[in-house]
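The numbers here are math on the coordinates, done by the rules we state, and not lab data. These numbers come from a predicted model, not from an experiment. Every residue, glycine among them, receives a Cβ derived from its backbone with ideal geometry; neighbour counts consider all protein chains shown.
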Amino acid sequence: MRRRRLAETVSATALGLSLLLASAAAQEPAGTLGLPLPEQPALVILQRDAEPRTLDIPAPAQVTLDLRPSSAPRSAEAAEAGEMVTGALSTRPDHGETVIEPDLDLPEPELPPVDPALTRPAEPRPQLAEPAAPAIDLPPLPEVAVTMPAGLELSGRIAAQAEIAAALPRLSARERADIVAAYAANENRPFWIDGKDFSAAGKQIVAQLGRAGEDGLRPGDYLLPVFEASDKDSLAAADVRLSALAVLYARDARGGRIDPRRLSKLITPKLELPSATEVLSELAGASEPGAVLAAYNPPHPGYRHLKAKLAELRADRPETPVARIPAGPALKVGMRDARVPLVRARLGLGASEEPVYDRSIALALADFQKQAGLRADGVLSDQTVAALAMPRSTRLESDIVAQMERWRWLPGDLGDNRIVVNIPEYKMRVMHGDKLVHEARVIVGKPESATPIFSHRMEHVIVNPSWFVPPSILRKEFLPGLAADPSYAARRGYVVTRGRNGSISVRQPPGERNALGWIKFMFPNDHAVYLHDTPNRSLFAAGKRAFSHGCVRVENPFALADQVLGPEWTSERLKRLIGSGERTIKLPQPLPIHLVYETIVVDAAGTVSTFDDIYGFHRLVRNALEQRS
């Protein structure tokens with residue numbers, strides 16, 4: 001028994017030393033180590049006076065080392081002395097294992113600080129499946145309808161394309177900017193596109209643009225945009241372009257196609273052209289935008305009668321065109337040309353033996369030129385050839401369209417009570433609404449001193465007026481006469497006043513010989529023209545009465561005074577003032593007056609009346625419109 005205990009002690013000591021050395025070298029983490037043991041040497045016992053005897057000690061199959069930190073703190077002295085780790089060693093016979101249970105006091109390892117940039121975020125731990133909750137019957141949720149603003153999906157595209165889509169050639173930079181601003185104020189949502197096509201309002205505008213020809217406008221100026229329903233970019237561009245076309249149509253309908261002041265300095269109407277902001281605001285807020293757009297055309301009966309006649313002519317237009325006369329050099333009397341037979345046939349003169357441009361052709365052509373508003377010189381010019389190529393109905397169409405254009409120059413509101421002077425007709429009319437209350441013949445300016453075309457308001461009447469010679473007459477007539485004869489003006493009853501700066505003014509005092517007669521009707525204007533009486537009343541008997549220096553002379557002016565001054569100032573009372581000195585009488589209220597140039601007039605029955613183009617203004621307008629086409 002003693003020998004067995006000794007053997008166990010020796011084996012355990014050797015084993016413990018081996019394990020401690022292995023543990024220090026490997027620095028394995030705390031836990032349980034299972035290590036195979038080396039082969040045990042044989043243990044020999046020597047006894048005095050006896051033979052040596054070998055003990056048979058069974059070797060344990062495995063030694064288990066339980067390395068667990070000691071709960072008791074290790075003293076500093078023990079650490080400095082390097083005390084060995086001690087523990088309990090035991091053998092488990094039932095398992096054939098030897099177990100060492102050391103009392104270890106291992107220090108925590110000191111590691112260097114970790115760089116945060118190299119630290120990986122901790123991966124989330126997998127969530128354990130929770131037990132299924134019991135099924136609960138919930139009541140049905142109410143349906144929620146979310147309404148998106150109309151056209152919101154096109155707003156970005158409209159904002160990106162508005163400037164380009166609004167760039168019509170005849171719209172100014174200001175008008176284009178106003179169109180873009182109108183869309184910005186509408187959050188760049190479309191005005192006329194609904195989904196993938198034009199809305200009902202947009203289709204009304206499209207339809208009105210398609211009827212532009214009925215109002216004498218050119219349909220080709222308002223070509224509609226082409227777009228794909230699936231292409232949002234083209235939808236956005238089409239909406240902006242339709243707005244731009246509507247603005248252009250409204251301006252053209254109010255007289256914006258040509259600038260009348262560029263035709264002549266004597267054509268000075270004040271056009272009422274709407275702004276792009278005004279047009280889009282009215283159209284976008286209207287229940288019938290097509291009717292609103294159409295209303296930019298003149299509302300006056302005279303215009304509507306011309307429009308009806310235009311439709312009638314186009315409905316009866318012959319399908320067979322008139323044979324065209326080839327272009328060539330201008331033909332005058334005595335010239336020979338192969339085109340002469342065609343010219344004779346076109347003018348209804350019959351055939352001739354020789355292709356000579358004779359006097360009969362020149363006279364017939366001069367009549368045609370006069371009717372066509374051309375220079376009646378009897379010369380076959382390129383412009384005359386172009387006019388001969390048109391059927392008569394087509395020429396009349398062009399004339400009517402030109403006359404409709406001049407109606408666009410008048411104010412939309414002519415005034416309930418008004419005065420209208422039609423210069424080519426040599427007539428003046430006083431209108432109360434659509435009712436004619438007074439009419440008189442007038443004398444207008446000579447072609448070299450034409451009466452201007454404009455609208456104004458009559459403010460007062462002057463009885464016994466003085467006439468101050470206008471600068472144009474002073475320069476052309478009086479100054480040359482005074483230079484030749486210092487008494488030139490005095491012998492004619494005029495008073496000459498010389499200013500300190502050398503200026504000269506010539507005045508004709510009131511009297512029977514006064515150029516203004518006994519009364520004049522004033523509406524101050526830039527042209528210094530007005531309506532007045534005249535001492536040369538015999539001139540009213542002439543058929544063509546273009547005799548004045550630009551003012552309008554009125555037959556029986558006191559009858560006109562009865563209409564404009566009211567019952568307080570009768571013609572008898574006014575006549576009692578004659579010869580008593582100049583007197584100014586204000587009208588009860590300003591009266592609109594319109595000096596117009598109507599060479600073609602259509603009445604309610606459709607009857608067409610034409611008047612001479614005495615100043616060539618009609619030809620200027622017609623040619624300007626044809627050149628634009």
**Item:** Neighbour-count ranking [beta-carbon atoms within 10 angstrom, fewest first] of S275, S538
**Value:** S538, S275
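With charges only on Cβ, +1 for K and R and -1 for D and E, what is the dipole size of the range 160-297 about its Cα centre, in debye, rounded to 20? Display every interim value, and only then the final one.
Values: 17 positive and 19 negative charges, 137 e Å.
The calculated dipole for the range 160-297 is roughly 660 debye.
Taking 8 Å as the Cα distance limit and 6 or more residues as the minimum spacing, I'd like the relative contact order of the range 462-519 as a percentage.
Values: 72 pairs, mean separation 27.5, N = 58.
Value for the range 462-519: 47 percent.
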**Message:** Based on alpha-carbon centroids, what's the gap between the range 412-486 and the range 149-211 in Å, whole number please?
**Reply:** 47 Å
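Of R553, R583, how do they rank once you tally other Cβ atoms within 10 Å and put the fewest first? Please report the intermediate quantities before stating the final value.
On the way: R553 27, R583 15.
Going from sparsest to densest Cβ surroundings: R583, R553.
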**Asked** Which of the residue pairs K427/K586; K265/K307; K203/K232; K265/K476 have a Cα-Cα distance greater than 21 Å in the structure shown?
**Response** K427/K586; K265/K307
**Request:** Just rank V379, V240, fewest to most, by other beta-carbon atoms within 10 angstrom.
**Result:** V379, V240
**Complete:** When the charge dipole of the range 486-582 is computed with +1 on Lys and Arg Cβ and -1 on Asp and Glu Cβ about the Cα centre, the Cα farthest towards its positive end, among S503, L565, L577, belongs to S503
**Prompt:** How high is the relative contact order of the range 505-629, in percent, with contacts defined as C-alpha pairs under 8 Å that are six or more residues apart?
**Reply:** 14 percent
**Message:** Binning at 10 angstrom from zero up to the longest distance, how are the C-alpha pair distances of the range 506-563 distributed in percent?
**Reply:** 22, 54, 24, 0
**Item:** Principal axis dimensions, largest first and in whole angstrom, of the range 160-297 by Cα
**Value:** 53, 29, 25
